[in-house]
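This report concerns only the one structure given below.
The values are calculated or read from the model by the stated rules, or taken from the named source; none is laboratory data. Remember, predicted model here, so these are calculated numbers, not experimental data. Cβ: placed from backbone, ideal geometry, glycine included. Neighbour counts: every protein chain shown.
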Amino acid sequence: MPSLPDKVLIANRGEIAVRVMRTCRELGIRSVAVYSDVDRDALHVLHADEAYAIGGLTAAESYLNTEAILDAIARSGAQAVHPGYGFFSENAEFARAVAGAGVIWIGPPPRAIELMGDKVTSRRTASAAGVSGVPGTLDPVEHPEEVFEFAGVHGYPVAIKAAFGGGGRGMKVVWEEKAVAEAMESARREAQAYFGRPEIYLERYLERPRHIEMQIFCDTQGNGVFLGERDCSVQRRHQKLIEESPAAGLPEETRQSMGKAALEVARACGYVNAGTVEFLYQDGEFYFLEMNTRLQVEHCVTELVTGIDLVAEQLRVAAGEPLSFTQDLIERRGHAIECRINAEDPARNFQPAPGLITRFERPDGFGVRTDAGYAAGLAVPQYYDNLMAKLVTWGPDRESARRRMLRALSEFGIEGVPSTIPAHVALLSHPDFVEARHSTRWLEEEVDPATLVPPTSEAPAGTEQGAEALVARTVPVEVDGRRFDVKVWLPEEPEGAPPSAPATRRGRSRSSAGSRGAPAGSDMVASPMQGTIVKTLVSVGDRVEVGQAVVVLEAMKMENHVNAERAGTVSEVRVAPGDTVGTGDVLVVIS
Ligand code: MV4
């Protein structure tokens, strides 16, 4: 029997690195962390048995620096590498480099990563295995006539997708013949810009699909099992927000055929280890979408309903052991829901909001699991994703898991950065979610964004014109021997937080006053968040209008436009492309 490695390097950060390290410790395996310059005190470093600096700030300089990570593997003597998700997890070249160094890659064979890495070869592979995607073309299309012909057979609407894409970028939907030519051009341009290849292909457009994905696991001996599905339909701009298992209302018969179909796809690409096959599900039918060749963020809901530690199984299978269970030993019990707790502001269009976490109180109790990558006193850096924690609840049925989630969300206390918690409370309380009437378009098209905003984030009307910004604080008072929590609005004072530079504090007051819509509009355009300047859009002497974008700022992989709050003439531009700015820093002055 092959033996488990006794030292594993985790080429990742945040909650997933911590999660992998926990299982390593349970199995008596030493864990090795790598960390960037901003992650010296990060939680994953504290959880590891050893940690190696890889330098750098951005992902490219650090967790995507092949040489630095290979060097840490060599120095630590780790016998295996777990990539987590993101970063190198679906990089066949890195997987080959690891194997080439005589180290175990805890993931699928590089060839399987490649086959499932683009739409063209993955759809072909699935189709050859008898698993169909949404009816469409297997070859790229070039001329509008090909779309007309396709629509003649399948009807409108037609989806035009990037052949080498994935993750939802660059899809165009056409509803009529006269929109075809322009949509094709636009899809081609976006495909080129996002994926470096302009090829596009066609599918019938499904109007109300649910995103349902199947967890599979294969070992090196040819055994394969499916562990049940996850419904990930609650998404925003292709970012999942809530996941659950089982998918509400999915007939058992469909689950079984979906599981078998997923295993056919896995077999066809020579898959080994944990993987996920994504489907669109509509009107009782499911269609292959893509395969994720990694452990996913939402794997925990599957762990809670099956009782199986997927990371432990990954380690065993990577060491060459057979799967520790067979299909008929997998029992799914009850229901699990996961909410992604991101450092984002639901009140500002879910804008990323990195910064210092001043309070981080985790929920607890029966059926509650918190996988966090942060704690109080740690900062969410601007350079990586904004997932602070995953909150997962289990219950004997969907309604119990949902109510338990609302209870756990009410216990979660995060201060210093805004979070998605208030949005989750609203979504889980929404009648459409309660009744499981949601689809992939529900959150963006049917939920009123105003309901997702924290109820206490605004200072009372009329107070924002003062010199100082006010913040809400809850103070306990006793009236006649009964305890009440009273909310009061007090001048902002960084309580318990390390003193920040006066310039930053001034700036922050301005920017928060601005975000609340100071009537006259500020003459200072301040940065709403930490980030890097991509572009300045105005120069000294330019005339600007209210709401005009003056600077493009990148934070956590997203570009944001920073707008002028008043009209006037630009008198100063204080930043240049490449500059790093903090929340509240003045970018442009208008007079
Ligand atoms: C579709 C579709 C409807 N019909 N394809 C978006 C992400 C990408 N991986 C596939 N996507 C979709 N493809 C056809 N033929 C609707 C979506 C879609 C979607 C899919 C899964 C999860 C969320 C989504 C949100 C919007 C659109």
Handout entry: Any chance LEU310 is crowded, with 22+ Cβ neighbours inside 10 Å, more than 17 Å from the chain's Cα centre (by Cα) and not aromatic (Phe, Trp, Tyr)
Key = no
Problem - Residue identified as at pLDDT 90 or above, surrounded by 15 or more Cβ atoms within 10 Å (Cβ to Cβ) and more than 26 Å from ASP283 (Cα to Cα) among ILE113, ILE160 - result: ILE113
Completion exercise
Within the range 101-137, residues being part of a loop (DSSP other than H, G, I, E, B) and more than 19 Å from ALA163 (Cβ to Cβ) number 9
Exercise for the section: Determine whether the range 322-339 contains at least one residue that is within 25 Å of MET405 (Cα to Cα), within 23 Å of the chain's Cα centre (by Cα) and within 16 Å of the ligand (Cβ to nearest atom). Expected result: yes
Problem - Tally, over the range 358-378, of residues that are in contact with a Gly (Cβ under 6 Å, 6 or more places away or on another chain) and surrounded by 22 or more Cβ atoms within 10 Å (Cβ to Cβ) - result: 1
Fill in the blank from the handout: When (1) more than 27 Å from the chain's Cα centre (by Cα); (2) more than 10 Å from the ligand (Cβ to nearest atom) are applied to VAL158, the one that fails is (2)
Handout entry: Residue identified as crowded, with 19+ Cβ neighbours inside 10 Å, within 26 Å of GLY102 (Cβ to Cβ), of a type in the set (Val, Ile, Thr) and without any contact (Cβ under 8 Å) to a residue 60 or more places away in the chain among VAL81, VAL20, VAL34
Key = VAL34
Handout entry: strands (runs of 3 or more DSSP E) contained entirely in the range 347-455, each with at least 1 residues that are within 19 Å of ALA248 (Cβ to Cβ) and not aliphatic (A, V, I, L, M)
Key = 387-395
Exercise for the section: Name every residue in the range 47-67 that is outside any loop (DSSP other than H, G, I, E, B) and within 15 Å of ALA95 (Cα to Cα), in order of residue number. Expected result: THR66, GLU67
Fill in the blank from the handout: The strands (runs of 3 or more DSSP E) lying entirely within the range 234-309 that contain at least 2 residues which are under 25 Å from GLY14 (Cα atoms), in contact with a Cys (Cβ under 9 Å, 6 or more places away or on another chain) and within 13 Å of the ligand (Cβ to nearest atom) are 239-245
Fill in the blank from the handout: Among residues of the range 136-151 being surrounded by fewer than 19 Cβ atoms within 10 Å (Cβ to Cβ) and more than 34 Å from the chain's Cα centre (by Cα), the residue nearest to TRP175 (Cα to Cα) is PHE148
Practice task
May I ask you to say which residue of GLU565, GLU554, GLU572, GLU545 is within 18 Å of ALA353 (Cβ to Cβ) and not aliphatic (A, V, I, L, M)?
Solution key: GLU554
Problem - Long-range neighbours under 8 Å by Cβ, at least six apart or interchain, first residue within 16 Å of GLY367 (Cα to Cα) within the range 300-321, second among the acidic types (Asp, Glu) and modelled with pLDDT under 95 - result: none
Handout entry: Any chance ARG188 is surrounded by 19 or more Cβ atoms within 10 Å (Cβ to Cβ), away from the ligand (no atom under 16 Å from the Cβ) and either under 30 Å from SER429 (Cβ atoms) or touching a residue at least 12 places away in the same chain (Cβ under 8 Å) (or both)
Key = yes
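For every residue, the table says whether it meets (1) hydrophobic (A, V, I, L, M, F, W, C); (2) closer than 21 Å to ILE357 by Cβ; (3) more than 20 Å from the chain's Cα centre (by Cα).
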{"residue": "SER3", "(1), (2), (3)": "no, no, yes"}
{"residue": "ALA33", "(1), (2), (3)": "yes, yes, yes"}
{"residue": "TYR52", "(1), (2), (3)": "no, no, yes"}
{"residue": "SER76", "(1), (2), (3)": "no, no, yes"}
{"residue": "ALA92", "(1), (2), (3)": "yes, no, yes"}
Problem - Filter result (at pLDDT below 95, away from the ligand (no atom under 16 Å from the Cβ) and under 21 Å from the mean Cα position of the chain (by Cα)) within the range 428-451 - result: PRO449
Exercise for the section: Would you point out the residue of the range 200-224, among those that are outside any strand (DSSP E or B), more than 16 Å from the ligand (Cβ to nearest atom) and not hydroxyl-bearing (Ser, Thr, Tyr), that is surrounded by the fewest Cβ atoms within 10 Å (Cβ to Cβ)? Expected result: GLY222
Completion exercise
Picked from the range 163-172 (must be more than 8 Å from the ligand (Cβ to nearest atom) and hydrophobic (A, V, I, L, M, F, W, C)), the residue modelled with the highest pLDDT is ALA163
